[in-house]
Amino acid sequence: MKKRIQPLLIMCAGLLLIGCSATNQLTMGAVEPARVHIPSDVSKIGIVNRSLPSEGNKTVDKIDKILSLEGLNLDKEGAEAAMLGLSDELERSERFESISIIESSALERKGLGVFPAALSWKTVETICEANGVDVLFSLEMYDTDTKVDYQTAMVKIPNNLGIKAEVPGHKVTIKTAIKSGWRVYDPLNKTIIDAITANDYVTSRGEGINPMKAVEAVIGRKEAVLQQSTYSGNAYALETRPRRKRISRDYFVKGTNNFEIAQRRAQTGDWKGAADLWEQEVTNADPKIAGRACYNMAISNEINGDLNKAVEWASKSYSDYEINEALRYLNLLRRRVAEKEQLRQQEAR
């Protein structure tokens with residue numbers, strides 16, 4: 001009987017604590033700056049593939065293909081898929097006048113699966129001028145590395161009657177690692193806007209009565225690699241756009257009758273009505289109540305988009321009334337102020 005009562009008591013205590021919580025949570029929309037900022041006066045984008053092997057590196061490339069059981073053109077087609085994914089997503093933004101995939105004899109190619117040194121500015125300027133583009137996206141590296149794992153096991157093989165029967169056979173798992181790297185060159189300002197490397201993985205499985213049949217059963221591996229490469233290009237293009245996100249905030253709902261009424265107003269969406277009640281408590285004789293009210297006024301101003309006023313109220317809550325939650329909130333607000341300024345600068349450029 002005691003064993004049954006104990007979990008019930010723990011559950012009831014948990015519910016009581018939740019019911020007595022001094023705070024409630026809200027969520028609101030926010031915008032963070034693009035991680036990769038393309039200047040606002042840029043209208044024409046060029047994309048080049050530097051990942052193809054040069055003549056001197058082709059032997060190494062061929063050996064790698066044999067050792068990893070790759071198709072002869074997998075790296076080439078995968079790189080093209082990544083570039084096309086980038087191009088398509090940049091076009092979808094409708095921000096740029098033109099997106100061009102460029103073939104250039106001036107390009108210094110490496111193709112060894114390592115992130116190379118940056119292109120010289122002379123090379124970048126030559127390519128951009130010859131093709132009439134403002135900024136150059138370069139796929140600096142693209143390489144696939146495939147590992148095959150064989151296992152002997154019972155596998156299901158259709159017999160002459162079309163019924164699957166279990167027989168001794170082989171299972172194969174093919175894991176393909178995709179390494180890619182991008183740089184974005186701004187020839188006008190002679191700055192590298194961004195440089196990044198990424199690792200993606202594709203896993204394929206198959207089974208058969210012998211190892212080769214098991215490998216043959218792994219269909220669609222190439223398509224999966226190309227699809228993942230396209231997604232990778234899409235994702236990089238998305239990093240050039242500001243991103244909308246949801247952020248959560250806690251606000252105080254306990255202290256006085258005004259806090260409880262304000263909570264109900266907030267729950268109905270009447271944040272102004274809630275703020276009217278919180279403002280009445282900022283001069284409360286109890287410093288804990290006044291500090292919580294100041295904190296909630298900061299929340300109200302953030303909801304209304306006045307981040308500077310929110311910072312003032314959060315600062316007052318912590319400095320004057322030692323509300324510890326306000327210091328943590330103040331750091332979040334300052335980060336948002338910095339992001340807002342960065343967005344403003346991005347839009348102005």
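Quick notes on this structure:
- Residues in the stretch 72-94 that are assigned to a loop (DSSP other than H, G, I, E, B) and free of Cβ contacts under 8 Å to residues at least 60 places away in the same chain were compared, and the one that is farthest from Y231 (Cα to Cα) is L72.
- Verdict on A198 being open to solvent by less than 40 Å² (accessible area, probe 1.4 Å) and at pLDDT 90 or above: yes
- Tally of residues being surrounded by 14 or more Cβ atoms within 10 Å (Cβ to Cβ) and closer than 17 Å to H37 by Cβ across the stretch 232-249: 8
- Pairs where the first residue, in the stretch 262-287, is hydroxyl-bearing (S, T, Y) and the second is surrounded by 14 or more Cβ atoms within 10 Å (Cβ to Cβ), C-beta under 7 Å, 6+ apart: T283/A290
- For E108, the requirement of being at pLDDT 80 or above and more than 22 Å from the chain's Cα centre (by Cα) is not met.
- The lone exception for A82 - which of (1) at pLDDT 70 or above; (2) more than 20 Å from the chain's Cα centre (by Cα) it fails: (2)
- Residue check for Y295: touching a residue at least 12 places away in the same chain (Cβ under 8 Å) and open to solvent by 10 Å² or more (accessible area, probe 1.4 Å): yes
- With respect to the stated conditions, D276 fails to be in contact with a Ser or Thr (Cβ under 9 Å, 6 or more places away or on another chain) and of a type in the set (D, E, K, R).
- All conditions in (1) more than 30 Å from D149 (Cβ to Cβ); (2) modelled with pLDDT of 95 or more; (3) out of contact with any helix residue (DSSP H, G or I) (no Cβ under 9 Å at 6 or more places or on another chain); (4) not acidic (D, E) hold for G181, with the sole exception of (1).
- Candidate set: the stretch 158-178, residues that are surrounded by fewer than 18 Cβ atoms within 10 Å (Cβ to Cβ) and under 27 Å from the mean Cα position of the chain (by Cα); chosen: the one modelled with the lowest pLDDT: K175
- Against the list (1) open to solvent by 20 Å² or more (accessible area, probe 1.4 Å); (2) over 17 Å from A198 (Cβ atoms); (3) in contact with a strand residue (DSSP E or B) (Cβ under 8 Å, 6 or more places away or on another chain); (4) not in a loop (DSSP other than H, G, I, E, B), the condition A118 fails is (4).
The values are calculated or read from the model by the stated rules, or taken from the named source; none is laboratory data. Owing to the predicted nature of the structure, the values given are computational and were not obtained by experimental measurement. No Cβ is skipped: glycine too gets one built from the backbone with ideal geometry, and neighbour counts run over all protein chains shown. Keep in mind that these areas ignore ligands, DNA and RNA; they rest on the heavy atoms of the full protein, side chains included. Shrake-Rupley method; radii C 1.70, N 1.55, O 1.52, S 1.80 Å.
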